[in-house]
Amino acid sequence: MSTIADSSYSTIKETSKYSRKTIRLAVSLFYFGQGLVFASWASRIPDLKAALNLSDAALGIILLALPIGQLITMPLSGRLVAIYGSKRILTLATPLYALCLTNLALATHGWHLALFLLLFGISGNLCNIALNTQAVTAEGHYGKPIMSSFHGSWSLGLFTGALVGLLMMNLHLTTSTHFWIIAPIGWVHIFINHRFLLIGKSPQKEKPKFLQKPQGMLIQLGIIAFCSMAAEGAMMDWSGVYFKEIVHSPAKWVILGYASYSAMMTIGRFIGDKFIAAYGRKTMLQFCGVLVSVGMFLSVAFPYLAVATFGFMMVGIGVSVIIPMIYTIAGNNDKMPSSLAIAMVSSIGYFGFLMGPPLIGYISELFNLRYSFAVVGCFGILISLLVSKIRAIK
C-alpha cells in the first residue's frame, strides 16, 4: 500500500483565514448547485418538447446546441480563468448559469430553445472549468485527495434535481415556475458561500495564449477522459434500451440498469478519495479501467437481469473516480495554468460523451446492441493500458 506524496500539491498551496472544512463545504455546494440546475433542465425536457410541439428529430437537433455551446467556449473559459482566477469567474458565471436556466422556459419556438441552450451551454462550461480549477486549488490546500467527493456532490445535486423536478410536475407547476424556484436558491447559496473560495495561483505575468500547444501528457489524459466519458454517455443513453431489448427485463425493471449504475457512481465518488490516498492514482485508474471492462463484458456475456445489473454496478464504480483523478493530474501540471490544462483535457473527453451514444447506435444497427457494449468494454482496457504508460501519474 502506498500513499500520495504531499509534493503532488506543492504548486497550489494557499493560505486562507477560513478552515479547510469550510472551504471544502463551500466548493462542494457549488458542485451540488450546478448538478441541481442541470437536472432541473433535464427533468423538464419532455414538457418543453410538448409545449413547442417538437418531433423527436427536431428535438435531437436542438439539443445539440447545448454541447456545441460548451465545446466552442472551452479555450476561452480556460483563458479567462487563468487570467482572472477561478474564484472571480465562478462568482460571476454561476449566477449567470442559473439565469440561463430560467430563459429556457421562455422559448416559444424551436430556434428560441436552441439559442437559449447555446447560452446555457456557454455559461455552464465557464462554470465547469472555473469550478474544477477551484477544486484542484482546494484539494491542494487540503493536502489530500478530495476531488472525487466534489464530483460526488455534483451527482447528488443531479439526483436531487431529478426528484425536485418530479415533485414540481406532480404539483402541476409550470416549467417557468419550477426554474424560477431553483434560480433564487442558487443565487442565495452563491451570495453566502463565494467568500469561502480560494483565490488560486498568483496572476500570470504574461497573459496565456488563447490556443496552447497540446502537451503529450495532456493528450493522453484527454484520451483516457474520452474513453471514460464515452462509457458514461453510453450508460446514460442506452442502458434502458439494453435492459429492454437484450436483457428482456419486465417493464418495471427497465430502469434498474441505469439506476444501479448511477447509484454506484455516486457512492464511488464519495468513498473513492480514501482509496486514492491509500493506493495512488495510477493503481486506482488501472483498477477502474478493469472494472469498466469486466462490468461491460459480464453484462454482454450473461444478459440476465441479476448479472447485467451487477455488471452495470461495476461500471458505475469504475467510471466514478476516473474523471476527478484526471482533472487533478491535469490541473497539477507545471507547464501551463490549471484552467487551460483542464479545459484541454475536458475538450477531448467531452467528445467521448458526445460520440459514445451515436457509436453505440451505429454498431447496433450493423451488428447487435451486445457488440456495441462490448466495444465500450474495450475502452476500459485502453484506459488501463494508457495509464501504465504515463509517467506523470503516481
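The values are calculated or read from the model by the stated rules, or taken from the named source; none is laboratory data. Note that the structure is a prediction, hence the values are computed from the model and not measured. Every residue, glycine among them, receives a Cβ derived from its backbone with ideal geometry; neighbour counts consider all protein chains shown. To get the accessible areas, we keep the full protein, side chains included, count just its heavy atoms, and leave off ligands, DNA and RNA. Shrake-Rupley method; radii C 1.70, N 1.55, O 1.52, S 1.80 Å.
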### Residue list for segment 250-265, restricted to those being surrounded by fewer than 19 Cβ atoms within 10 Å (Cβ to Cβ) and assigned to a helix (DSSP H, G or I)
A251, K252, W253, A259, A263
### Task
Under 7 Å between Cβ atoms, at least 6 apart or on separate chains: pull out the pairs that start in segment 340-366 with a residue that is touching a residue at least 12 places away in the same chain (Cβ under 8 Å) and end on any residue that is surrounded by fewer than 23 Cβ atoms within 10 Å (Cβ to Cβ) and of a type in the set (K, R).
L340/R79
### Task
Return the total of residues in segment 74-110 being in a loop (DSSP other than H, G, I, E, B) and surrounded by 22 or more Cβ atoms within 10 Å (Cβ to Cβ).
1
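Do we find that M236 is touching a Leu at 6+ places or on another chain (Cβ under 8 Å) and either closer than 21 Å to L158 by Cβ or open to solvent by 30 Å² or more (accessible area, probe 1.4 Å) (or both) in this structure? If you could, list the steps in order and put the result at the bottom.
Numbers: touching a Leu at 6+ places or on another chain (Cβ under 8 Å): no; either closer than 21 Å to L158 by Cβ or open to solvent by 30 Å² or more (accessible area, probe 1.4 Å) (or both): yes.
Taking the combined requirement at face value, the residue does not satisfy it.
Looking at I181, I122, I192, I199 in this structure, which one is within 18 Å of A26 (Cα to Cα), at pLDDT 90 or above and among the β-branched types (V, I, T)?
Details: I181 fails: within 18 Å of A26 (Cα to Cα); I122 fails: within 18 Å of A26 (Cα to Cα); I199 fails: at pLDDT 90 or above.
So the residue among I181, I122, I192, I199 that is within 18 Å of A26 (Cα to Cα), at pLDDT 90 or above and among the β-branched types (V, I, T) is I192.
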#### Entry: Hits in segment 34-57 - residues which are in a helix (DSSP H, G or I), touching a Ser or Thr at 6+ places or on another chain (Cβ under 8 Å) and open to solvent by less than 20 Å² (accessible area, probe 1.4 Å)
Q34, G35, A39, L48
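What are the residues in segment 374-394 that are part of a helix (DSSP H, G or I), out of contact with any Gly (no Cβ under 9 Å at 6 or more places or on another chain) and either open to solvent by less than 30 Å² (accessible area, probe 1.4 Å) or of a type in the set (A, V, I, L, M, F, W, C) (or both), if any?
So in segment 374-394, the residues part of a helix (DSSP H, G or I) come out as 374-389.
Those left that are additionally out of contact with any Gly (no Cβ under 9 Å at 6 or more places or on another chain): 374-375, 378, 388-389.
Within segment 374-394, A374, V375, C378 qualify.
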### Query
Of all the residues that make up segment 111-120, how many are of a type in the set (A, V, I, L, M) and open to solvent by 70 Å² or more (accessible area, probe 1.4 Å)?
2
